[in-house]
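See structure below.
The values are calculated or read from the model by the stated rules, or taken from the named source; none is laboratory data. All values derive from a computational prediction rather than experimental measurement. Every residue, glycine among them, receives a Cβ derived from its backbone with ideal geometry; neighbour counts consider all protein chains shown.
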Amino acid sequence: MTSRQEQILSAIVEQYAEVASPVGSSLLAKLFNVSSATIRAEMGELERLGLISQPHTSAGRVPTDKGYRFYVNNLNESQPSLAESRGERALAARVASGSVPERTIRNAVDTLVELTSNLGLATIGSQLYMSGLSNLFGQPEFMQAGQVQQVASLLDNLEPWLREAAPNEPLSVYIGSENPIGRSAGASLIISRFRSPYSDRSYIGVLGPTRQSYRDVMMLVSHAGRTLEEVL
């Protein structure tokens, strides 16, 4: 893949996360200061590689799970944006206000819900605390009954899966069909492992559509895990 194709894929992922509608060649042509024909040729190659797809009802393109995975794997570490810095400060303040470990973890989850507009979750002992269901099912991706059923199945089985699989990475990202349950739900699970009084493998994270602002959300979830580990 060429450098320009990587940049176009990143632009499609980020634009689609923002506007929730397929990204067309005319918009990208303006961003990259090239002709729409050039962009369409590059999109054709990205589609051939399985990184983007074209919905039947639109001339624009959307990322595939494979495209999101390539994007996430190639995110560069950089200085946090002003919004991310504010989010990290909000997390730190809310976590510090918890009087007992359970309340501290709940505060962190509730703050992630506010900052990411996703469903937030964390393990507290042998229980899974969740907040923000209305955020999750308010997303346009989850308006169809079949999708809702798949997401509900994922949520029903998430706590036992976390207990059995015990992901060991500091930050784990499961995109769409990578999810162990509800593979066709079109959802992404982003979780951070942290040590708590309850377990050396406690988890905090978010569940939302695959259409995510991955860089921002991953930084916030990672920061939540680190902050909880420091405070607890």
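Output the residues belonging to the stretch 180-226 that are among the polar types (S, T, N, Q) and touching a Leu at 6+ places or on another chain (Cβ under 6 Å). Even if it seems obvious, please write down each step before you answer.
Initially, the stretch 180-226 is screened for residues among the polar types (S, T, N, Q), giving 184, 188, 192, 196, 199, 202, 210, 212-213, 222.
Across the stretch 180-226, the qualifying residues are Ser192, Ser196, Ser222.
Select, from Asn179, Asn157, the only residue that is touching a helix residue (DSSP H, G or I) at 6+ places or on another chain (Cβ under 9 Å), touching a residue at least 12 places away in the same chain (Cβ under 8 Å) and polar (S, T, N, Q). Step through it out loud before you land on a result.
Working: Asn157 fails: touching a helix residue (DSSP H, G or I) at 6+ places or on another chain (Cβ under 9 Å).
So the residue among Asn179, Asn157 that is touching a helix residue (DSSP H, G or I) at 6+ places or on another chain (Cβ under 9 Å), touching a residue at least 12 places away in the same chain (Cβ under 8 Å) and polar (S, T, N, Q) is Asn179.
Return yes or no: is Arg183 modelled with pLDDT under 95, surrounded by fewer than 21 Cβ atoms within 10 Å (Cβ to Cβ) and not in a loop (DSSP other than H, G, I, E, B)?
So Arg183 does not fit the description; no.
State the number of residues belonging to the stretch 82-101 that are within 11 Å of Leu228 (Cα to Cα) and assigned to a helix (DSSP H, G or I). I'd like the intermediate steps shown before the answer.
Of the residues in the stretch 82-101, the ones within 11 Å of Leu228 (Cα to Cα) are 91-92, 94-96, 98, 101.
Now drop any that are not assigned to a helix (DSSP H, G or I), which leaves 91-92, 94-96, 101.
Within the stretch 82-101, residues that are within 11 Å of Leu228 (Cα to Cα) and assigned to a helix (DSSP H, G or I) number 6.
Among the residues that make up the stretch 163-175, is at least one of them part of a helix (DSSP H, G or I) and in contact (Cβ under 8 Å) with a residue 24 or more places away in the chain? Full working, then the answer.
Within the stretch 163-175, the first condition is being part of a helix (DSSP H, G or I), and the residues that meet it are 163-165.
Now restrict to residues that are in contact (Cβ under 8 Å) with a residue 24 or more places away in the chain: 163.
Checked against the condition, which is being part of a helix (DSSP H, G or I) and in contact (Cβ under 8 Å) with a residue 24 or more places away in the chain, the stretch 163-175 yields at least one hit.
Return the residues of the stretch 12-55 that are hydroxyl-bearing (Ser, Thr, Tyr) and touching a residue at least 60 places away in the same chain (Cβ under 8 Å); say none if nothing qualifies. Give the steps one after another, and end with the answer.
Within the stretch 12-55, the first condition is being hydroxyl-bearing (Ser, Thr, Tyr), and the residues that meet it are 16, 21, 25-26, 35-36, 38, 53.
Result: Tyr16, single match.
Here is a check on your reading of the model: is Ala165 surrounded by fewer than 16 Cβ atoms within 10 Å (Cβ to Cβ), more than 18 Å from Ile181 (Cα to Cα) and of a type in the set (A, V, I, L, M)?
Numbers: surrounded by fewer than 16 Cβ atoms within 10 Å (Cβ to Cβ): yes; more than 18 Å from Ile181 (Cα to Cα): no; of a type in the set (A, V, I, L, M): yes.
Answer is no for this residue.
On the given criteria, is Gly138 of a type outside the set (A, V, I, L, M) and buried (at least 16 other Cβ atoms within 10 Å of the Cβ)?
It is false that Gly138 is of a type outside the set (A, V, I, L, M) and buried (at least 16 other Cβ atoms within 10 Å of the Cβ).
Mind checking which pairs have a first residue in the stretch 211-229 that is in contact (Cβ under 8 Å) with a residue 40 or more places away in the chain and within 12 Å of Leu91 (Cα to Cα) and a second that is among the charged types (D, E, K, R) and buried (at least 21 other Cβ atoms within 10 Å of the Cβ), Cβ under 7 Å, 6 or more apart or different chains?
Matching pairs, first to second residue: Gly225/Arg193.
Looking at the stretch 112-122, is at least one residue at pLDDT below 90 and either touching a His at 6+ places or on another chain (Cβ under 6 Å) or not in a helix (DSSP H, G or I) (or both)? Don't jump to the end; show me each part of the working.
From the stretch 112-122, those at pLDDT below 90 are none; that's our starting set.
No - not one qualifying residue is present in the stretch 112-122.
Hey, does the stretch 186-194 have a residue that's out of contact with any Pro (no Cβ under 7 Å at 6 or more places or on another chain) and either assigned to a loop (DSSP other than H, G, I, E, B) or over 22 Å from Leu155 (Cα atoms) (or both)?
no
Name the single residue that is modelled with the lowest pLDDT among those in the stretch 81-109 being surrounded by fewer than 16 Cβ atoms within 10 Å (Cβ to Cβ) and of a type outside the set (A, V, I, L, M).
Among residues in the stretch 81-109 that are surrounded by fewer than 16 Cβ atoms within 10 Å (Cβ to Cβ) and of a type outside the set (A, V, I, L, M), the one modelled with the lowest pLDDT is Ser81.
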